[in-house]
1. How many residues does the stretch 272-307 hold that are of a type outside the set (D, E, K, R), touching a helix residue (DSSP H, G or I) at 6+ places or on another chain (Cβ under 9 Å) and farther than 18 Å from S458 by Cβ?
2. Please work out which residue is surrounded by the fewest Cβ atoms within 10 Å (Cβ to Cβ), limiting yourself to the stretch 382-426 and to residues that are among the basic types (K, R) and within 19 Å of the chain's Cα centre (by Cα).
3. What pairs can you find where one residue is in the stretch 263-284 and polar (S, T, N, Q), the other is not in a helix (DSSP H, G or I), and their Cβ atoms are less than 6 Å apart, with a gap of 6+ or different chains?
4. Going through R109, R196, R203 one at a time, which residue ends up being more than 26 Å from the chain's Cα centre (by Cα), buried (at least 24 other Cβ atoms within 10 Å of the Cβ) and among the charged types (D, E, K, R)?
5. Looking at F312, F288, which is the one that is among the hydrophobic types (A, V, I, L, M, F, W, C), closer than 19 Å to F374 by Cβ and in contact with a Phe, Trp or Tyr (Cβ under 7 Å, 6 or more places away or on another chain)?
6. For the stretch 376-435: of the residues being out of contact with any strand residue (DSSP E or B) (no Cβ under 7 Å at 6 or more places or on another chain) and basic (K, R), which is nearest to T339 (Cα to Cα)?
7. Please determine, by comparing only the residues of the stretch 112-146 that are of a type outside the set (A, V, I, L, M, F, W, C) and at pLDDT 95 or above, which one is surrounded by the most Cβ atoms within 10 Å (Cβ to Cβ).
8. What's the total number of residues in the stretch 301-331 that are under 30 Å from the mean Cα position of the chain (by Cα), over 19 Å from D387 (Cα atoms) and among the hydroxyl-bearing types (S, T, Y)?
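The values are calculated or read from the model by the stated rules, or taken from the named source; none is laboratory data. Keep in mind the model is a prediction, meaning the values are calculated, not measured. When we count neighbours, we look across all protein chains shown, and the Cβ atoms used for this are built from the backbone with ideal geometry, even at glycine.
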Amino acid sequence: MPNSKTVKALTLSIFSGVLCALIFPKWNLAFLAWTALVPLLFAIEGAPPHRAAGYGFIFGMVFYLNGLSWITNTLTDYGHIPLWQSWSVLALLAAWLGTACALFCYGLRRLTRGAPVFQFLLAPALWTALEYLRSTHEKYSFSWLGLGYSQFETLPIIQIAEIAGVYGVTALIVLVNAGIYYALNAWYFQRGDEDRYPKTVRRGVAGLTLFILLASWGYGEYRLIQVKGASGGKSVKVALVQGNIDQAIKWNPLFRNKVTNVYRDLTLEAGKGGPDLIVWPEAATPFFFERDIQQTRSLLRTVRDAGAPLLFGSPRIEGSGKTALTYNSAYLVSPEGETLGRYDKSHLVPFGEFVPFREWLWFVEKMVAMVGEFGRGSQNTVFDKWDGPTFGVSICYELGYPDLVRKPVKNGARFLVNITNDAWFGKSAASYQHIAMGALRAVENRTPIVRAANTGISGVIDPTGRIRQTTPIFEKALVQAETLLNASPATFYTQNGDWFSCLCLVLVAIACFISYRSANLRGKPGEPPEAE
């Protein structure tokens, strides 16, 4: 039978997981992020590392099962698997992500030996390092629900991303949580314990937490004013086409003309506004561009009649027979019918474009059933062979990967385009969580992003991270927008990438080394002195 202390710790872990789920869209209770981890820190207080890891794992399961619950509908509706199997897949994903939370709690207890001030100092680096590691693998990473994304509407806070990326915002959130936890313990629950909470250290922790938070906010306010006045007046006029094509009919040959007519009509309407560029969503064409000659000619006639270059998503086949590879691609074509550039998607969607761990998930089929496994692109294309300003493209899921999105900007792109098909998500929080990532990408690179989504959310993201001119989901729409181009020097993040996350990894490695040496000198395994 669990004792009262264990029940209390479990309750706090679950409560903390619920709070973390609430800080993201659609709930959008972003203010809770600054205290959401405090219950978890109280849950692991005094616990041996292995038990702390258990509490962290439970926290992670609650957090991700709630925050990613939309995955079950996606797998059931488009993967055509029973509901219980889709929940099994979600549980496996939550367990995979929850392992990072378990490691955070384990490491915090093991490496600091229960010393409160060391916990305060290590917590931001440890969480950030683990979040970075689970978000960066070329094939098996999953960047969704990183803590920093919760603040996408708190513009002054996210401006530090131009230096440290989204992971800098994550570290700030964890730092404040750790500072509040320390303060509550020092001034309320552990009053009078001068050995563990010396007065000078209490004041130092409180002062440092408050200073870093206020400095980050002040820097953000200052940069918001600067960036708004630094555009140089140059802009690009884009038309974003949202076809709202149902996935159930998209690849059905009986509906091919209906689909192409929707895009033709919206494109001709867009052409009346004289845009510099018209953008269709990911995989907008229900055919293989350049392979289906008749449909390709029809598309090029539409572009000619619209009188503006068109960027659109289309599947592409390379090779033939058993060696053929299919790519998820974006093409730029001119009104004269010339293909001006192509980008092949490099970071593929699990279960959408490949099935991870297929040997264990044998019962899951890809949701894009029209082709086999997709190929991975290898080029960070910059579209510069047209009359307009240079730009880079990300396709769907790639918007969540900061290092991938920054590379075209580093290579000269002056604005970014994200094309996506979020129809897979249904009317869930996922579409809102997805576009929230774009706000951080825009700030990291001080580069505007225009986004065309099949079923929404389409819109524009300014270099400050402000999202505007958004469309409702699951409605046919056309957005005519003018956005100011990137006129600033490359940001520190654009130039140097995830240096801050790497620094956190180094700090954690140093903490591990110190803990190991300390344990050897004591001849003990390094358990915290107050462990149960």
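1. The total comes to 10.
2. K407
3. T267/I278
4. Answer to the selection: R109.
5. F312
6. So the residue we want is R376.
7. As a first pass, look at the stretch 112-146 and keep what is of a type outside the set (A, V, I, L, M, F, W, C): 112-114, 116, 119, 124, 128, 131-132, 134-141, 143, 146.
Still in the list and also at pLDDT 95 or above: 124, 128, 131-132, 146.
Numbers: P124: 24, T128: 33, E131: 26, Y132: 24, G146: 23.
My answer is T128.
8. Qualifying residue count, the stretch 301-331: 4.
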